[in-house]
Amino acid sequence: MKRHWLAACAAAMAGVLVPGAWASTSSGISVSDFVVTVKAIAPGSHPGVSFADAGGSTSESACSSGSPRPDQHWTAASGHAFGGASTATTADPFAGGSAGIVGDVYGGGAAAYATSYASSLVPASFGEGTVGLVNDVGAALFTLAPGTLMTISAAVTATASASGASADEFAESGLLMSIGDQTGLGPQRGYVNFNVYASGLFGQYSDTETTFVTLTYLNDTDAAIYGLFSGYVSSYASSGDPVSDAPEPGTAAMLLTGLLAVAGVSRTRRPAPSPPPAARP
């Protein structure tokens with residue numbers, strides 16, 4: 001009976017001490033060399049593009065910490081057409097999200113990023129930044145001059161990982177961009193949906209993907225045409241339901257010490273083995 005009891009205690013203790021019992025996820029996306037360029041498609045044309053209602057880029061980060069920590073959330077708006085907005089990572093050591101946008105899409109290029117992480121002590125966190133040229137929503141109307149080819153391009157790297165300790169783990173990072181007429185649809189339309197994800201359903205997993213995205217819009221008429229561009233980068237991490245009764249490190253150490261002591265007592269109480277026949281008087 002003692003052996004069975006010790007085995008049960010050891011199994012329970014293993015579930016507490018094994019690192020894999022602590023679910024954790026993380027994700028991130030980085031966009032670099034994000035540029036908007038125009039060029040003439042016919043001799044004598046004057047290429048150009050202008051975006052309406054460019055109220056400034058927006059980035060935000062958040063984490064859901066649960067009790068006793070309140071939810072934390074940060075939002076920053078640059079007030080400029082794509083650039084200058086950034087948010088700091090949350091102070092919670094078990095969950096956090098961050099996002100930032102900086103640069104000039106009409107010049108040397110801009111950069112955007114979003115990251116998030118979460119452990120089994122908290123439910124979820126996220127980071128998000130708008131790629132569009134307006135405030136709060138990643139969308140902007142633009143006017144394209146006659147004889148103009150507009151190209152929007154960027155280099156993207158996305159990551160996602162899960163520890164596999166919980167089937168409810170989920171992490172995802174991605175980029176979404178679309179371009180079309182004023183409704184976002186029409187005969188000219190470009191669409192990019194790039195994402196990387198990881199799930200704890202199939203054990204420990206980590207993935208990193210890179211790509212180069214390009215969207216084009218052409219005006220080969222004699223009149224200006226109007227279109228809509230939208231997009232954003234996002235990162236999300238969830239460890240599933242938070243752990244509510246996880247023992248403190250000191251408590252776990254005391255439990256382990258008690259198990260070792262019980263095992264030692266069990267050994268001392270075993271009857272001494274009989275001496276071999278040759279050693280008997």
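The values are calculated or read from the model by the stated rules, or taken from the named source; none is laboratory data. These numbers were taken from a predicted model, which means no experiment stands behind them. Reconstructed Cβ throughout: ideal geometry from the backbone, glycine too, with neighbour counts over all protein chains shown.
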- line: Note on Ser266: of the conditions (1) modelled with pLDDT of 50 or more; (2) more than 29 Å from Ser30 (Cβ to Cβ), unmet is (1)
query: Within the bounds of the stretch 135-146, is there any residue that is touching a Ser or Thr at 6+ places or on another chain (Cβ under 8 Å), part of a strand (DSSP E or B) and at pLDDT 90 or above?
result: yes
task: Collect the residues in the stretch 201-229 that are touching a residue at least 60 places away in the same chain (Cβ under 8 Å) and in a strand (DSSP E or B), keeping them in residue-number order.
output: Val213, Thr214, Leu215, Thr216, Tyr217, Leu218, Asn219, Ile225, Tyr226, Gly227, Leu228, Phe229
Residue in the stretch 171-179 that is in a loop (DSSP other than H, G, I, E, B), under 13 Å from the mean Cα position of the chain (by Cα) and of a type in the set (D, E, K, R) present: no
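Matching residues to (1) touching an Asp or Glu at 6+ places or on another chain (Cβ under 6 Å); (2) surrounded by 20 or more Cβ atoms within 10 Å (Cβ to Cβ):
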site	(1), (2)
Ala91	no, no
Ala95	no, yes
Ile101	no, yes
Tyr106	no, no
Gly109	yes, no
Ser116	no, yes
Ser119	no, yes
field: In the stretch 58-86, residue modelled with the lowest pLDDT [restricted to those that are in contact with a Phe, Trp or Tyr (Cβ under 8 Å, 6 or more places away or on another chain) and among the polar types (S, T, N, Q)]
entry: Ser65
- prompt: surrounded by fewer than 23 Cβ atoms within 10 Å (Cβ to Cβ), at pLDDT 80 or above, under 20 Å from Ser173 (Cα atoms) and not acidic (Asp, Glu), is that true of His46?
  reply: no
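Listed here are the residues, each with its yes/no results for (1) more than 22 Å from Thr75 (Cβ to Cβ); (2) assigned to a loop (DSSP other than H, G, I, E, B); (3) touching a Cys at 6+ places or on another chain (Cβ under 9 Å); (4) modelled with pLDDT under 85.
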| position | (1), (2), (3), (4) |
| --- | --- |
| Gly96 | no, no, yes, no |
| Gly100 | no, no, no, no |
| Ala118 | no, no, yes, no |
| Leu149 | yes, no, no, no |
| Thr159 | yes, no, no, no |
| Ser166 | yes, yes, no, no |
- request: State whether the residues of the stretch 170-181 include one that is among the charged types (D, E, K, R) and closer than 16 Å to Thr216 by Cβ.
  value: yes
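Listed here are the residues, each with its yes/no results for (1) of a type outside the set (Val, Ile, Thr); (2) in contact (Cβ under 8 Å) with a residue 24 or more places away in the chain.
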position	(1), (2)
Thr87	no, yes
Pro93	yes, no
Ala99	yes, yes
Ala110	yes, yes
Tyr117	yes, yes
Ser120	yes, yes
Leu141	yes, yes
Leu144	yes, yes
Met177	yes, yes
message: For the stretch 180-200, give me the residue count where each residue is more than 16 Å from the chain's Cα centre (by Cα) and either part of a loop (DSSP other than H, G, I, E, B) or of a type outside the set (D, E, K, R) (or both).
response: 12
